[in-house]
There are 2 protein chains.
Amino acid sequence: MNAPSVSFRRASAAGVKGLIADCLAAAGAPRPDAEAVAGLMTEADLTGADAHGVFRLPQYVRRLRAGGFNRTPSIAVERTAPATARVDGDNGIGHLVVKRAAETAIEIARETGVAWVGVRGSNHAGSAGLYAEMAAAHGMIGIYSAVASANHMAVWGGNELLLGTNPLAIAVPTGTGPMVLDMATTVVSYGTIKKHVLQGLPMPEGWLIDRDTGEPITDPAKAGRGILLPIGGYKGSGLSLMLGVLAGILNGAAFGRDCVDFNADDTSVTDTGQLVIAVDVARFVGLDRFTAEVDRHMAALRGSARMAGVDAIRLPGDRRRECRAERAASGIPLPAALVAQLDTVATELGVKTLGER
Amino acid sequence: MNAPSVSFRRASAAGVKGLIADCLAAAGAPRPDAEAVAGLMTEADLTGADAHGVFRLPQYVRRLRAGGFNRTPSIAVERTAPATARVDGDNGIGHLVVKRAAETAIEIARETGVAWVGVRGSNHAGSAGLYAEMAAAHGMIGIYSAVASANHMAVWGGNELLLGTNPLAIAVPTGTGPMVLDMATTVVSYGTIKKHVLQGLPMPEGWLIDRDTGEPITDPAKAGRGILLPIGGYKGSGLSLMLGVLAGILNGAAFGRDCVDFNADDTSVTDTGQLVIAVDVARFVGLDRFTAEVDRHMAALRGSARMAGVDAIRLPGDRRRECRAERAASGIPLPAALVAQLDTVATELGVKTLGER
């Protein structure tokens, strides 16, 4: 099977952000909330997390209009101990809730050295790396995890969709800005699968297996029958499970069989759980010493001998940094099929389309 | 190639523990320290972490006698913020240092909800799961990571041994005791490779690649030419790197090119870094509610439909629990080659051999 050719159109970050904000506001979100979510979604697009950017707008708009999101949430922060807090998102858009959790973690960690902030009553919050990165911008280490907003994985040995791709993001400050690891506990995220489905691109073996036969699925049209494979087999399954316990069960949020498939259901409350940890580097080694040492060691890794055929050694966050620079300058590439969807949404909501911005 | 048959001998946990304690004490460790290390090493053997149990005794004895360990360390705990501490191990045996760090984390977390305790000046501490489990026994979530005591992995794309198998362990309380995830960021740990080398067992493809050719290594005799493969390719490489930053660089401990190969060098100071996090469950949801919910969800996962050919769904820690029960009752199986090594060590130190216990 050959991949069909996919045509792209470049849109400016400002245009994308404006479209998202206007659509969310037209669908009922207060303007400041719409702007905040639009900023984070556009940042996801800029940094190459395509499955968490404007790609999600039609779904978010549907959910806002259907009442699946609380359009005007009262996000509540409860300090449960000197170094811990729990945020109740009141069923708001996840970006708003987790942003608040990350800000809370940074504030507490400044005082206590480390903060662990759990979230319940939240929703899909998009790109994991963005929330870890917030702490790194304050000279802290940031860690983020979440119960994914749909179960696309089975526990190792099982074939029921009871676990999510539960992501882990870790960000640390360096001399040249945050270094960010942002990984799903599956070989690829479901967003990557959705992107392949949208673009009709075949998938390599090792991403998805058929839930009945266990055979690899490479045809994007059959993705709906698939189970995502965890990294490292039982290890990735165990890691996803444990992150789900920490981000979900510990916060009294949904896990496993109680998770709502956010992609298939626009109205049920998801009670999504998330987790943000912030650690103040200055409480361990001086920030200057830390960033100098990170820079020294990362330079040694980059400059180390390479396997045959490898042109450059890439470290966590390299791709997102390069992608951000390129897209900020040249625009965000959007598949034609997505642009058509976005035009429909904009027209329905009576806001300017991307082409009119 | 067929695996050569390996003969095993069963030794009681009390016998193994006594041998370790007597040998460490005879090699210069104070008796209480020798007993504490022996307890943790025997627990590693009981729970199936064979590469971190009595298997390590000859190496530890060599290092104690060669002066590579400080036999009488002054382990110092500095509270660096309300919820953080740094432990300086004064080059003591890692088990003593990390045990102190875990106890400190539990004590602080009781007060502040979460504690992050960094370690420097430490050494190889054996089984990661044991330190995470300590917090779980106190109704807390425990997380442990470390810079591995030798670099057996390259950064993704590289072929120099600059990264370790840097483990991650997460333990949570359940209604039936701690549930423990204990994983290396490589497909297998180097301890597993050593076990195969010791027993002459062939290795499956996917564990090790030749550092020059990139070809899989399956012959244990060629393991010395190998690079361990990370889980999930670049993801596991990135995770190992980040855990190394958190457990090493953040504590002012060794990382990357500065790491001493603890297996090949009995005298150089390793300056090993480790990390323990404890989180008090009661600060989020009640402990009873938490364990009940974990139990409910784990039962759902265990009872879920299975892939063809799978006889039972196993969750993190199942193997260690079953192994512990079996070995506590029937003894710890030790390969004959290891028993011979241990006999030599015991005889040299003038203590009773395993057979005499």
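The values are calculated or read from the model by the stated rules, or taken from the named source; none is laboratory data. Please read all numbers here as calculations on a predicted model, not as lab measurements. A quick note on method: Cβ atoms are made from the backbone with ideal geometry, for glycine too, and the neighbour counts reach across all protein chains shown. Protein only, heavy atoms only, side chains kept; ligands, DNA and RNA dropped before computing areas. Shrake-Rupley method; radii C 1.70, N 1.55, O 1.52, S 1.80 Å.
Among the residues of region B:179-190, those identified as in contact (Cβ under 8 Å) with a residue 60 or more places away in the chain, open to solvent by less than 40 Å² (accessible area, probe 1.4 Å) and in contact with a helix residue (DSSP H, G or I) (Cβ under 6 Å, 6 or more places away or on another chain) are B:Val180, B:Leu181.
Among the residues of region B:148-172, those identified as within 11 Å of another protein chain (Cβ to nearest Cβ), under 21 Å from B:Tyr131 (Cβ atoms) and either touching a Cys at 6+ places or on another chain (Cβ under 6 Å) or β-branched (Val, Ile, Thr) (or both) are B:Ile170, B:Val172. Every listed requirement among (1) out of contact with any Leu (no Cβ under 6 Å at 6 or more places or on another chain); (2) buried (at least 21 other Cβ atoms within 10 Å of the Cβ) is met by A:Lys222 save one, (2). Could you please let me know if B:Leu246 is among the aliphatic types (A, V, I, L, M), under 30 Å from B:Glu103 (Cβ atoms) and crowded, with 17+ Cβ neighbours inside 10 Å? In short, yes. Listed conditions (1) open to solvent by 10 Å² or more (accessible area, probe 1.4 Å); (2) under 20 Å from A:Asn263 (Cα atoms) are all met by A:Thr72, apart from (2).
Answer with yes or no whether B:Ala135 is modelled with pLDDT of 95 or more, more than 18 Å from B:Leu315 (Cβ to Cβ) and either among the aliphatic types (A, V, I, L, M) or assigned to a strand (DSSP E or B) (or both). The answer is yes for B:Ala135. Going through (1) under 27 Å from A:Phe255 (Cα atoms); (2) open to solvent by less than 10 Å² (accessible area, probe 1.4 Å) one by one, A:Val172 falls short only on (1).
Within region A:196-209, can you find the residues that are modelled with pLDDT under 90 and either more than 23 Å from A:Pro335 (Cα to Cα) or open to solvent by less than 50 Å² (accessible area, probe 1.4 Å) (or both)?
We begin by selecting, within region A:196-209, every residue modelled with pLDDT under 90; these are A:196-200, A:205-206.
Hits for region A:196-209 are A:His196, A:Gln199, A:Gly200, A:Glu205, A:Gly206.
Please go through region B:150-164 and give me each residue that is open to solvent by less than 20 Å² (accessible area, probe 1.4 Å) and assigned to a loop (DSSP other than H, G, I, E, B), ordered by number. Matches in region B:150-164: B:Ala150, B:Ala154, B:Val155, B:Gly157, B:Leu162, B:Gly164. With the structure loaded, tell me whether B:Gly232 is assigned to a loop (DSSP other than H, G, I, E, B) and within 10 Å of another protein chain (Cβ to nearest Cβ) or whether it fails that test. So B:Gly232 fits the description; yes. Specify the residue that is modelled with the lowest pLDDT; the eligible residues are those in region B:261-316 that are within 23 Å of B:Glu103 (Cα to Cα) and touching an Asp or Glu at 6+ places or on another chain (Cβ under 8 Å). Checked region B:261-316; the qualifying residue modelled with the lowest pLDDT is B:Val285. Note on region A:91-105: residues that are within 14 Å of chain B (Cβ to nearest Cβ) and either open to solvent by less than 10 Å² (accessible area, probe 1.4 Å) or farther than 18 Å from A:Ala137 by Cα (or both) total 2. Condition test on B:Gly350, is it modelled with pLDDT under 95, of a type outside the set (Ser, Thr, Tyr) and open to solvent by 30 Å² or more (accessible area, probe 1.4 Å)? Against the criterion (modelled with pLDDT under 95, of a type outside the set (Ser, Thr, Tyr) and open to solvent by 30 Å² or more (accessible area, probe 1.4 Å)), B:Gly350 does not qualify.
If the condition is being of a type in the set (A, V, I, L, M, F, W, C), open to solvent by 60 Å² or more (accessible area, probe 1.4 Å) and within 16 Å of B:His138 (Cβ to Cβ), then region B:287-313 contributes only B:Leu287. Can you spot a residue in region B:335-353 that is more than 26 Å from the chain's Cα centre (by Cα) and under 30 Å from A:Leu275 (Cβ atoms)? No: zero hits.
Is one or more of the residues making up region B:265-286 without any contact (Cβ under 8 Å) to a residue 12 or more places away in the chain and either surrounded by fewer than 17 Cβ atoms within 10 Å (Cβ to Cβ) or of a type in the set (S, T, N, Q) (or both)? Steps first, please.
Just the residues of region B:265-286 that are without any contact (Cβ under 8 Å) to a residue 12 or more places away in the chain, to begin with: B:284-286.
Next, only the ones that are either surrounded by fewer than 17 Cβ atoms within 10 Å (Cβ to Cβ) or of a type in the set (S, T, N, Q) (or both) stay: B:286.
Scanning region B:265-286, I find at least one residue that is without any contact (Cβ under 8 Å) to a residue 12 or more places away in the chain and either surrounded by fewer than 17 Cβ atoms within 10 Å (Cβ to Cβ) or of a type in the set (S, T, N, Q) (or both), so the answer is yes.
Since A:Ile193 meets every condition but one in (1) more than 20 Å from A:Ile170 (Cβ to Cβ); (2) part of a helix (DSSP H, G or I); (3) open to solvent by less than 40 Å² (accessible area, probe 1.4 Å); (4) facing another protein chain (nearest Cβ under 10 Å), which condition does it not meet? Every listed condition holds for A:Ile193 apart from (4).
One line per residue, one yes/no per condition, for (1) under 20 Å from the mean Cα position of the chain (by Cα); (2) in a helix (DSSP H, G or I); (3) buried (at least 22 other Cβ atoms within 10 Å of the Cβ):
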| residue | (1), (2), (3) |
| --- | --- |
| B:Gly15 | no, yes, no |
| B:Leu24 | yes, yes, yes |
| B:Gly28 | no, no, no |
| B:Met41 | yes, yes, yes |
| B:Ala85 | no, no, yes |
| B:Glu107 | no, yes, no |
| B:Ala115 | no, no, yes |
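Before we move on, is B:Asp261 surrounded by fewer than 21 Cβ atoms within 10 Å (Cβ to Cβ), assigned by TED's automatic domain parsing to the domain that holds B:Leu161 and touching a helix residue (DSSP H, G or I) at 6+ places or on another chain (Cβ under 7 Å)? Full working, then the answer.
Numbers: surrounded by fewer than 21 Cβ atoms within 10 Å (Cβ to Cβ): yes; assigned by TED's automatic domain parsing to the domain that holds B:Leu161: yes; touching a helix residue (DSSP H, G or I) at 6+ places or on another chain (Cβ under 7 Å): no.
No.
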